[in-house]
Amino acid sequence: MSGSIWVLAEHWRGQLSESTYELLALGREIADGLGVELQAVLLGHGAADLAKGLGKANSVLSVDHSSLCEPVPEACAAALVQLIKERRPRSVLVPLTNISMGVGTLVSTAVKVPAANFCRDVRVVDGGLQATCVLYGGKIEATVTMGAECSILGIWPGARAAENGRSDVVPPVEPVTVSLPEAPRVRFKRYIEPEAGDVDITQQDTLVAVGRGMQGQANLALAEELAEVLGGAVCGSRPVIDQGWLPLSRQVGKSGVSVKPKLYLAAGISGAPEHVEGMKNAALIIAVNTDPRAPIFNVAHYGILADALEVLPALTEAVRGKKG
Amino acid sequence: MNILVLLRMIPDVVEELEISNDGKTLDREFLRLIPNETDDHALEEALLLKERHGGKVTVVAPDAPELDDVLFACLAKGADRAVKISGVEPVMGGRAAARLMAQVLTTAPGLLPADLILTGVQSTEDLDGLMAPILSHLLQLPYVDNVTQVTADGPGKTVTAVKEFPSAVRAEFDVQLPAVLGIQAAEKPPRYVPVAKVRAVMKSQHLESAAAPAGVEAGQLEILQMAKPEPAEHAEMLAGDPAQVAGKICEILAARGVL
Amino acid sequence: MGTETTLVSEAPCEITLENFLEFPEGRKVLSCIQCGLCAGTCPYGDVMDYPPRRIIAMLRAGMLEKVFHSESLLNCVACYACMAKCPRDIRLTEVLLPLVKEEIFVHLPEVPPELQKALQNTLRYGNPMGESPRKRVAWTKTTDVPIPILGEMSRPVDVLWFVECYTSYHPRGQDNSRALAKIFNGLGIDFAILGNEEKCAGECARLVGEAGLFGTLQDYTMTLFRRYEGRFNRIVTSGAHAYDAFRYQYPALGFDYQVDHTMPFLFQHLEQLKPMLSRKLNYRVTYHDACCLGRHNGFYEEPRALLTAIPGVKLVEMTHNRINSICCGGGGGGMWLDTYYKAKGYERLSERRVKEAVATGADVLAISCPYEVSRFEDAAKVLGYDNKLVVRDISELLAEAMQS
Ligand SMILES: Cc1cc2nc3c(=O)[nH]c(=O)nc-3n(C[C@H](O)[C@H](O)[C@H](O)COP(=O)(O)OP(=O)(O)OC[C@H]3O[C@@H](n4cnc5c(N)ncnc54)[C@H](O)[C@@H]3O)c2cc1C
Ligand code: SF4
Ligand code: SF4
């Protein structure tokens with residue numbers, strides 16, 4: 001449908017990604033605000049089944065092509081460009097993830113329409129779209145307008161809760177064909193699985209960080225459990241590593257590594273400057289500490305003045321409950 | 001292998017950023033600029049490729065304050081040439097930067113053809129799009145992003161680019177040359193170059209310069225406003241018994257897309 | 001505005017390893033009797049491929065090149081222990097070791113990441129932690145007394161207080177600066193600081209072998225001193241390493257100011273200070289001799305005299321004190337090599353030292369070099385002694401003893 005809002009339904013290794021649901025939640029708001037339809041664009045090969053999960057959209061455009069078997073940005077972009085030229089959507093929401101990073105930019109350049117990158121919010125204002133874009137590592141937020149023309153919006157992960165993008169409704173699916181080059185310039189060869197062995201904490205989205213406030217090595221199990229239900233890993237402050245509770249590779253800070261996870265949960269860490277140096281850029285910092293004056297509360301977004309040994313198990317329970 | 005590394009100076013966020021009186025642009029007077037971090041990685045990857053396969057590494061960068069020191073450091077690290085695009089107004093965003101680069105690469109002598117064009121996968125000011133994919137479109141070259149390793153089997157027509165996926169999974173792609181690669185991280189952290197070596201290079205080598213083409217268009221996006229989000233001075237405290245607090249955290253995590 | 005460091009240096013760098021033997025200082029190594037006292041006294045002597053004695057042996061044998069390819073001198077924390085013990089008075093830590101380290105530094109296959117970051121930060125921001133140079137004076141907003149800035153004053157002052165990095169930026173270092181401000185104010189010292197124009201004096205860059213960086217910082221600071229020529233009489237700093245740099249390195253560039261570390265400086269004012277120390281502090285204190293102050297410059301008694309001037313303080317000594325003091329491990333770049341050492345399985349010197357301090361039964365470990373606060377506090381935490389022992393700069397204790 002011309003004038004509708006599109007969401008690129010990102011999927012990888014047989015599953016729709018969380019970002020897809022986040023974009024659907026956001027796309028739904030925008031489409032409703034404009035009084036137009038929300039359509040999901042599913043590009044893949046043998047992946048049409050995934051359309052079932054896209055019920056938040058009014059309908060799904062499903063493209064099946066052997067070149068779309070794995071997410072090659074050029075191929076995804078080429079397919080999208082054809083669809084956009086044929087159907088003129090109002091705006092296309094593309095996730096800014098490792099998987100789809102360059103797709104939005106490639107498409108906007110080829111179709112010659114404006115793109116807004118790093119959006120953390122998009123709203124309908126006077127019939128036009130306005131986006132809030134995060135620049136300079138979060139130091140500046142720019143409000144930009146796309147007017148009424150077609151635009152490509154690159155959306156940061158976490159713009160909306162994924163939960164709000166899920167639906168039990170099975171949407172109508174329209175299969176569409178595109179023509180893609182027979183001999184692509186970029187060809188997927190193979191995946192390289194992470195080496196077994198110790199986790200790389202710089203690669204984790206969620207980190208449960210433990211400090212001396214955890215009292216003893218035995219209590220680390222509480223952190224491990226929480227990290228497991230959250231799908232993350234455990235890291236620590238230097239004294240924790242020095243005491244041998246965790247290997248050196250898990251040390252965050254000046255003499256350890258710098259991390260930038262989506263969630264950094266600091267349990268029993270005071271927030272010494274040498275520690276903060278390594279985690280201050282985390283997207284969300286939650287600190288549990290028994291000392292109301294602990295400096296960690298000056299960098300954390302949320303603080304809990306309580307015994308970590310009680311909060312961690314309670315949180316593990318709550319997350320389990322939520323996940324069902 | 002002939003490799004171009006495109007480098008941009010971007011605002012250094014260690015310093016406070018200020019917004020101009022128009023409320024829509026950064027106050028340039030107080031800015032300090034720093035090389036885009038992933039561009040630094042692009043240079044490192046280029047140098048590693050050169051060490052393995054021979055060839056030449058040329059760094060190209062739009063002129064900016066403090067750029068000369070940065071380019072001399074690139075030469076000291078092992079780049080063969082450093083070309084400064086002179087006569088440019090500071091621009092923000094990937095689109096204008098990509099158009100500028102594309103024009104300079106195609107008009108300035110001795111830059112193209114190149115086998116590989118490496119640049120950082122993104123910069124923190126790519127508001128209207130990332131530079132590498134735009135450039136790849138303008139030059140009609142293949143493109144891969146989030147690259148963490150490039151390998152070549154001798155002087156061939158392709159390279160293998162390793163791209164980073166979620167959960168520490170990576171994937172190999174065959175890429176036809178010439179190509180544009182957006183580098184996420186080099187195989188190893190960018191090397192240190194002792195200051196004395198940079199000084200020596202300042203005496204023994206020189207920077208080249210290429211004139212910026214006239215009338216490079218600005219971005220297409222209309223910026224209504226720029227604002228500095230209020231930095232929180234203190235965490236928002238969550239009160240209640242452990243179960244209640246846990247419930248609140250769950251809500252926050254769900255809203256932030258962590259759960 | 002001079003916030004950018006330019007890379008062009010005119011720093012004279014006379015003595016090198018090539019012309020080493022043309023200098024009296026260089027020829028002196030020929031008198032080495034290979035007694036091995038240096039290696040024996042070195043806190044990392046057991047893990048070095050080439051401790052000073054062997055370096056000299058290699059130098060004489062014309063095989064120094066081999067030394068350059070061993071990383072092990074990265075373990076040298078520039079503690080001056082070897083130099084203090086050498087029966088031939090060979091100026092190891094001052095002259096020979098930095099020259100050798102320079103070569104080792106350029107031959108390193110990879111600079112340890114923590115050190116690399118500190119060096120890059122120091123070049124770019126003028127402080128190793130990578131904080132904004134425009135916030136260097138931020139701490140002065142947290143003092144009760146005004147801190148004048150030289151560039152903003154129309155009259156000259158007596159003392160230029162060179163604050164240095166940790167004491168400007170690190171929260172615990174700022175405690176030291178706030179205390180000093182209070183003491184200076186109480187003593188009626190006519191002082192000012194350089195403010196945001198100040199940058200690291202560079203000594204640790206030199207001692208880790210990054211001579212070019214040191215030269216750059218030296219040039220910058222000398223330019224600043226020249227700009228304020230006639231606007232101050234002398235320099236006082238609580239940075240033990242800055243003191244060393246000003247006293248031994250900067251004169252080659254024409255620096256001829258009188259320079260004092262705060263410990264001897266306050267000691268000069270002891271009689272005036274004493275009546276102000278009216279609050280009784282019932283602490284059992286042990287004092288850690290900082291390498292630069294003690295072994296390198298012989299200020300053993302001044303800090304102790306200041307401590308014992310505080311009513312109620314009982315001073316107890318560690319087994320290794322004065323010339324035998326054990327380094328905190330932060331010198332010569334050690335501040336940024338903790339993980340490098342740790343990964344190699346070496347004991348952290350700060351922990352060795354804190355164990356000794358605890359063994360004295362002291363409840364305060366008093367220090368006089370800004371690196372030590374964070375190093376010893378951390379070591380006390382790692383060892384689980386933080387309930388028993390607090391780490392305080394002598395200036396902090398003096399300020400506490402002054403009724404406000
Ligand atoms: C050169 C140098 C480099 C360093 N590099 C690093 C580094 O890379 N990384 C690093 O982390 N540190 C580093 N440090 C050490 C740093 O200075 C601190 O010592 C360290 O970060 C403190 O660790 P911590 O917060 O676990 O311990 P503490 O500071 O002892 O904090 C423990 C906290 O737990 C709280 N607590 C106690 N009981 C409970 C409970 N039941 N529930 C909840 N909270 C509780 C306390 O209130 C306190 O705030 C470095 C130090 C130096 C000198
Ligand atoms: S200065 Fe200290 S650490 Fe360095 S070699 Fe001499 S004794 Fe060893
Ligand atoms: S202590 Fe002095 S004389 Fe003895 S081996 Fe060392 S350098 Fe030579």
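The values are calculated or read from the model by the stated rules, or taken from the named source; none is laboratory data. As the structure is a prediction and not an experimental result, all values here were calculated from the model. Neighbour counts run over all protein chains shown; Cβ positions are idealised from the backbone, glycine included. Ligands, DNA and RNA are stripped out before the accessible areas are found, and what is left, the full protein with its side chains, is counted by its heavy atoms. Shrake-Rupley method; radii C 1.70, N 1.55, O 1.52, S 1.80 Å.
Looking at segment B:2-211, send over the antiparallel percent of its DSSP beta bridges, to the nearest 5.
Working: 15 of 41 bridges.
In segment B:2-211, DSSP labels about 35 percent of beta bridges as antiparallel.
Report the number of Lys pairs in chain A whose alpha-carbons are under 27 Å apart, with separation of 8 or more residues or on distinct chains.
20
What are the residues whose amide H is under 5 Å from the amide H of A:Ala47, where those residues sit 5 or more places off or on another chain and H is modelled from the backbone?
For A:Ala47, no residues qualify.
Putting +1 on Lys and Arg Cβ atoms and -1 on Asp and Glu Cβ atoms, find which of C:Leu37, C:Asn19, C:Ala81 reaches farthest to the positive end of the dipole of segment C:8-107.
Checked the options; the winner is C:Leu37.
In the protein assembly as shown, if the dipole is taken from +1 on Lys/Arg beta carbons and -1 on Asp/Glu beta carbons about the Cα centre, which of B:Val13, C:Leu281, B:Ala200 is farthest to the positive end?
Result: C:Leu281.
So for chain C, averaging the separation of alpha carbon pairs under 8 Å that are six or more residues apart and normalising by length, what relative contact order in percent results? Mind dumping the intermediate values first?
Values: 669 pairs, mean separation 68.2, N = 404.
In percent, rounded to a whole number, it is 17.
Just the number please: accessible area per residue for chain B, 1.4 Å probe, all protein chains included, in Å².
That works out to 39 Å² per residue.
Choose one of A:Leu220, C:Thr319, A:Ala31: the residue whose Cα lies farthest towards the positive end of the charge dipole of the protein assembly as shown (beta-carbon charges +1 Lys, Arg; -1 Asp, Glu; about the Cα centre).
Working it through, the farthest residue towards the positive pole turns out to be C:Thr319.
Using a probe of 1.4 angstrom, how much of the accessible area of segment A:169-279 is carbon and sulfur, in percent?
Accessible surface attributable to carbon and sulfur in segment A:169-279 totals 52 percent.
Using a probe radius of 1.4 Å on protein heavy atoms only, what is the accessible area buried between chains B and A, both sides summed, to the nearest 100 Å²?
6800
Non-local amide H neighbours of B:Asn2 (under 5 Å, H modeled in plane, Pro and chain starts lacking H): which ones?
B:Lys56, B:Asp115, B:Leu116
Go ahead and set up a Gaussian network model of chain C, Cα springs under 10 Å, then flag whichever of C:Gln174, C:Gln218, C:Gln34 fluctuates most.
In this elastic network of chain C, the residue with the biggest mean-square fluctuation among C:Gln174, C:Gln218, C:Gln34 is C:Gln34.
Measure up C:Lys280/C:Lys381; B:Lys163/C:Lys344; C:Lys101/C:Lys344 against 29 Å on the Cα-Cα distance and list the ones that go over.
As for pairs spanning more than 29 Å Cα to Cα, those are B:Lys163/C:Lys344.
Got a number for the accessible area of C:Val390? Probe 1.4 Å, square angstrom, nearest 10.
70
Using the Karplus curve 6.51 cos²θ - 1.76 cosθ + 1.60 with θ = phi - 60°, what ³J(HN,Hα) values do you get for each residue of segment A:75-83, in whole Hz, with x for Gly and Pro?
Whole-Hz 3J(HN,Hα) from phi for segment A:75-83: 5, 4, 5, 4, 5, 4, 4, 4, 5.
Could you check the spin-label model distance between B:Glu208 and C:Glu22? Points 7 Å from the Cα along Cα→Cβ, value in nm.
In this crude label model, B:Glu208 to C:Glu22 measures out at 3.9 nm.
Multiply the residue gap between C:Asp158 and C:Leu187 by 0.36 nm, knock off their C-alpha separation, and tell me the result in nm, one decimal place. List each step's numbers first, then the result.
Working: separation 29, 0.36 × 29 = 10.44 nm, distance 1.30 nm.
Result for the pair: 9.1 nm of gain on full extension.
Given R₀ = 51 Å, FRET efficiency for C:Thr223-C:Ser70 by Cβ-Cβ distance, to 0.05?
Efficiency computed from Cβ-Cβ geometry: 0.85.
To the nearest 20 Debye, how big is the dipole of segment B:91-183 about its Cα centre, given +1 on the beta carbon of each Lys and Arg and -1 on that of each Asp and Glu?
Using only the charged Cβ atoms, the result is roughly 160 debye.
Which residues, if any, in segment B:124-163 have at least 50 Å² less accessible area in the whole protein complex than in the isolated chain, probe 1.4 Å?
Residues passing the criterion (a loss of at least 50 Å², heavy atoms only) are B:Thr124, B:Leu127, B:Leu130, B:His137, B:Tyr143.
Stretched out fully, how many nm does the piece from C:Gln403 to C:Ala138 gain, at 0.36 nm a residue minus the Cα gap?
Extending this stretch completely gives an extra 92.8 nm.
How much of the accessible area of chain C, in percent, comes from carbon and sulfur atoms when a 1.4 Å probe is used?
It is 50 percent, rounded to a whole number.
How far apart, in nanometres, would the label points at B:Gln176 and A:Lys189 be if each is projected 7 angstrom from Cα along the Cα-to-Cβ direction?
Computed distance between label sites B:Gln176 and A:Lys189 equals 1.8 nm.
Only Cα pairs under 8 Å and at least 6 apart count here; give the relative contact order of segment C:8-107 as a rounded whole percent.
Relative contact order, segment C:8-107: 30 percent.
Check the straight Cα-Cα distances from C:Lys66 and name the aspartates and glutamates below 18 Å, setting aside those fewer than 8 residues away within the same chain.
Filter leaves C:Glu18, C:Asp49, C:Glu102, C:Glu103, C:Glu110.
Give me the number: length gained by fully extending A:Thr290 to A:Lys112, i.e. 0.36 nm times residue separation minus the C-alpha to C-alpha distance, one decimal in nm.
58.5 nm is the gain from fully extending A:Thr290 to A:Lys112.
Can you list the aspartates and glutamates whose alpha carbon sits under 15 Å from that of C:Lys388, skipping same-chain ones fewer than 8 residues off?
Those aspartates and glutamates meeting the cut-off are C:Glu351, C:Glu356, C:Asp363, C:Glu377, C:Asp378.
So what's the angle, to the nearest 10 degrees on a 0 to 90 scale, between helix B:37-53 and the longest Cα principal axis of chain B?
The helix B:37-53 is inclined about 40 degrees to chain B.
Would you kindly find the accessible area of C:Phe232, with a 1.4 Å probe and non-protein molecules such as ligands, DNA and RNA excluded, rounding to the nearest 10 Å²?
Near enough 10 Å² of accessible area.
Could you tell me the relative contact order of segment B:2-211? Use alpha-carbon pairs under 8 Å, at least six residues apart, and round to a whole percent. Provide the component values of the computation, followed by the final result.
Values: 433 pairs, mean separation 53.4, N = 210.
Here the relative contact order equals 25 percent.
At 1.4 Å probe size, with every protein chain present, just tell me what the per residue accessible area of chain A comes to in Å².
That works out to 38 Å² for each residue.
Would you mind checking segment C:194-229 for residues with the amide N under 17 Å from a putative spin-label position 7 Å along Cα→C-beta of B:Ala200?
C:209-216
Rounded to the nearest 5, what is the percent of antiparallel bridges among the DSSP beta bridges in segment A:176-324? Before the final figure, lay out the partial values.
Details: 0 of 19 bridges.
Around 0 percent antiparallel, to the nearest 5.
Which ³J(HN,Hα) values in Hz, rounded to whole numbers, follow from the phi angles of segment C:43-59 under the Karplus curve 6.51 cos²θ - 1.76 cosθ + 1.60, where θ = phi - 60° and Gly and Pro get x?
Once θ is set to phi - 60°, the couplings for segment C:43-59 become x, 10, x, 6, 10, 8, 5, 10, x, x, 4, 5, 4, 5, 4, 5, 4 Hz.
Compute the angle between helix A:220-230 and the longest alpha-carbon principal axis of chain A, please, reported from 0 to 90 degrees and rounded to the nearest 10.
10
Within chain B, what is the longest stretch that has no trypsin sites (Lys or Arg not before Pro) placed in a DSSP loop and near at most 15 other beta-carbon atoms within 10 Å?
It runs B:25-156.
Check each residue of segment A:122-148 and keep those whose accessible area, probe 1.4 Å, is at least 30 Å² smaller with all protein chains in place than in the chain alone; give them in order of residue number.
Those residues are A:Leu135, A:Tyr136, A:Lys139, A:Ile140, A:Glu141, A:Thr143, A:Val144, A:Thr145.
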